[in-house]
Structures are given as structure tokens and as C-alpha cells.
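First up is the structure itself, then whatever we jot down about it.
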Amino acid sequence: MTEEGGTPEALRQWRRVVVKLSGEALMGHRTHGLDAETLERLALDLVETAALGVEIAVVVGGGNFFRGIEGAEKGIERARADSIGMLATVMNALALEFAIEKLGQSARVLSAVPMPSLCQPYSRQAALHHLSKQRIVILAGGTGNPFFTTDTGAALRAAELSSDVIMKATQVDGIYSADPKIDPKATRYTKLTHDEAINKNLAVMDTAAFALARENKIPILVFSIKERGAIRAALEGKGLATLVLP
Ligand code: UDP
């Protein structure tokens, strides 16, 4: 692992990846909702990554529209609030599917919350089928259950689909020893084990997601989504990132 965060040879061995895109990644400079330009940039990045011959399943969040926990704080029953959150992820997934298909690349939304008039219900078989046809699969609805997040959805789908890695796109270029926005002395890790990340209490993903990734020995690559071509660059081992390995 270099200081630049790259192990290109190892990274290029990943043939099937789960990319976790939060709702925040889709809103660009807006305070909520979707930003068309950002969607186009991410769609192009995904299409260019797929062109490398990599099978891609994207798990989309919904925080740019609604988060269950925030709804619950305002008095909405938690399970109901989470249902609203899951619906938010479907909106993002449909928008991303459109942006990808506009570029001539086939994509399919599979939702863990069945809504067949809008998209296909999620099944492992359907996801594997679409991946084998070089379609970009967009996974909506997280796990399909309240009290979870789309991070956990990403870890769950990565395990189910035998993904080589979870590519966790964030607003910072990896995992730091402390919050770099607060602590100027915070340093970025280039490489960590799942155990180290848990023992050091580093908030990479939520605990349920992390536990699932650790149990199934799935590497997690944490990288910044801010730059154009970030997903492809991260996959190729370029740019800064933290790689969490078993
Ligand atoms: N959600 C849920 N179950 C899941 C995944 C998501 O109930 O398996 C709900 C939850 O309310 C969550 C919202 O959907 O807050 C949006 O997902 P998330 O917060 O993970 O989105 P992100 O922060 O990645 O944009």
C-alpha cells in the first residue's frame, strides 16, 4: 500500500463490486434532493468503470430526501419513518438508472421493497442475471426492513452477491484517526483490518454493516466521491483511499 492509497494490482483483481452511494453524494452542492449535473457525473463514472469489464451493483442511500432516524426525532413512529426513508432510496435509484441509460449503458433498478410498476423486486437471482449481462444493477430499498441503513444493505448485498469489495463513497478521502474537520492532527489510514477499525472505534459504516463485512471477510474501500471519475480511479488504485482488509 503506498501513501497515495494504491495497490493497483490488487484492486484490478476486483471483478464484481458493490458501490455504496449515499443520498448526499447525489445532491451535489444542493442542501437536499437531486442535482442533475452530479447525477450525470456519477452515471458517467459508473459507465466508464463498467467498461473496464467490472460487474457493478450500486446501493443507493436516501438521506438527501429523508432519514428515518431524523423523522423519528420529529415524532414519526420509527418503523414508519424508515419506510419513508426506503422510498427515498427508490427515487434516487430511478433517477440514477435514467442517467446511466441516457449514456447508452443498460441498467436495472431492483428494489428490496417490491413496487413492480416502477422497477423489479430484488432477488439474488435477478441481480446475478443482470450482472452477467453487463447491466449496472441499482439496488434500492436498502435491506427492505426498518431499523437498518443502506450501509447495511450494501454489506448484505455484497455478501449475497459474492462481491469482491464494498466501495464506500464518502465526502472524505478515507478513514481518519479523528474527524479531520475538527482535529487538524487527524491522519488518514491507508490500510486497516476490520478488527483495527472496530477496536479503534472508527466510524466507517454503521456497526451492523461493519460486522457483516467483517464476518464475511469483505474488504471495504473508503474513498472520496467528490472528484470526476472517482469510482473508476478508486478501482484502479489511483487517488487517496483507505482499504479495510480482513
Ligand atoms: N432504510 C431502512 N432500511 C434499510 C435501509 C434504509 O429503513 O435497510 C431507511 C432509513 O430510514 C434510512 C433511509 O432509508 O435513514 C435512507 O437510507 P440511509 O440513511 O442509509 O441513506 P444515506 O445516508 O446513505 O443517504
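Computed about the Cα centre, the dipole magnitude for the chain is approximately 320 debye when only Lys and Arg (+1) and Asp and Glu (-1) carry charge, each at its Cβ. DSSP beta bridges confined to region 146-246 are antiparallel in about 45 percent of cases.
So in the chain, what percent of DSSP beta bridges are antiparallel if you round to the nearest 5?
The antiparallel proportion sits near 20 percent.
As a proxy for reagent exposure, Met115, Met205, Met27, Met167 were ordered by neighbouring Cβ count within 10 angstrom, fewest first; the result is Met115, Met27, Met205, Met167. Divided by 2.2 N^0.38 Å, where N counts the residues, the Cα radius of gyration of region 75-129 comes to 1.30.
Would you mind calculating the relative contact order of region 92-199 from Cα pairs under 8 angstrom and at least 6 residues apart, reporting the percent as a whole number?
17
Summarised as an ellipsoid, region 1-147 has semi-axes of 27, 18, 15 Å, derived from the eigenvalues of the Cα gyration tensor scaled by 5 and square-rooted, with the largest first. The count of lysine pairs in the chain with alpha-carbon distances below 20 Å, taking only pairs 8 or more places apart or on different chains, stands at 20. Largest GNM mean-square fluctuation across Leu202, Leu21, Leu131, computed for the chain with C-alpha springs under 10 Å, falls on Leu202.
With bins 5 Å wide beginning at 0, the percent of Cα pairs of region 194-242 falling in each bin runs 4, 19, 26, 17, 19, 12, 2. Using only the C-alpha atoms, the convex hull of region 75-180 corresponds to 144 Å³ per residue. Highest mean packing first, where packing is the average number of other Cβ atoms within 10 Å per residue, the peptides 178-188, 69-79, 139-149, 209-219 line up as 139-149, 209-219, 69-79, 178-188.
Work from the charge dipole of region 138-246 (Cβ charges, +1 for Lys and Arg, -1 for Asp and Glu, about the Cα centre) and give the residue of Ala241, Asn216, Ile198 farthest towards its positive end. In region 138-246, that residue is Ala241. Shape analysis of region 122-210 based on the Cα gyration tensor places the equivalent ellipsoid semi-axes at 30, 14, 12 Å, largest first. Going from the fewest other Cβ atoms within 10 Å to the most, the residues Asp45, Asp151 appear in the order Asp45, Asp151. For the pair Ala51 and Met115, a Förster radius of 35 Å applied to the C-beta separation gives a FRET efficiency near 0.70, rounded to the nearest 0.05. Residues whose amide H lies under 5 Å from that of Ile138, counting only those 5 or more places away or on a different chain, are Val58, Arg108, Val109, Leu110; hydrogens are built 1.01 Å from N in the peptide plane. Relative contact order (percent) for region 16-88, with alpha-carbon contacts under 8 angstrom and 6 or more residues of separation? With pairs under 8 Å counted, the relative contact order is 35 percent. Note on the chain: the C-alpha convex hull projects to 12.6 nm² when averaged across all orientations. Across the chain, the mean sequence separation of Cα contacts (distance under 8 Å, 6 or more residues apart), normalised by length, yields a relative contact order of 25 percent. Reported value for region 161-246: 95 Å³ per residue, from the convex hull of its C-alpha atoms. Using the Karplus relation 6.51 cos²θ - 1.76 cosθ + 1.60 with θ = phi - 60°, the per-residue 3J(HN,Hα) values for region 28-37 come to x, 8, 6, 8, 6, x, 10, 10, 4, 5 Hz, with x marking Gly and Pro. Look at the dipole of the chain built from charges on Cβ: of Met86, Met27, Ser111, the Cα furthest out on the positive end belongs to Ser111.
The magnitude of the dipole of region 54-123, with charges of +1 and -1 set on the Cβ of Lys/Arg and Asp/Glu and taken from the Cα centre, is near 100 debye.
Bear in mind that the values in this text are calculations on the coordinates, not laboratory data. Just so it is clear, the model here is predicted, and its values are computed rather than measured. Quick reminder, even Gly has a Cβ in these numbers, built from the backbone with ideal geometry, and neighbours come from all protein chains shown.
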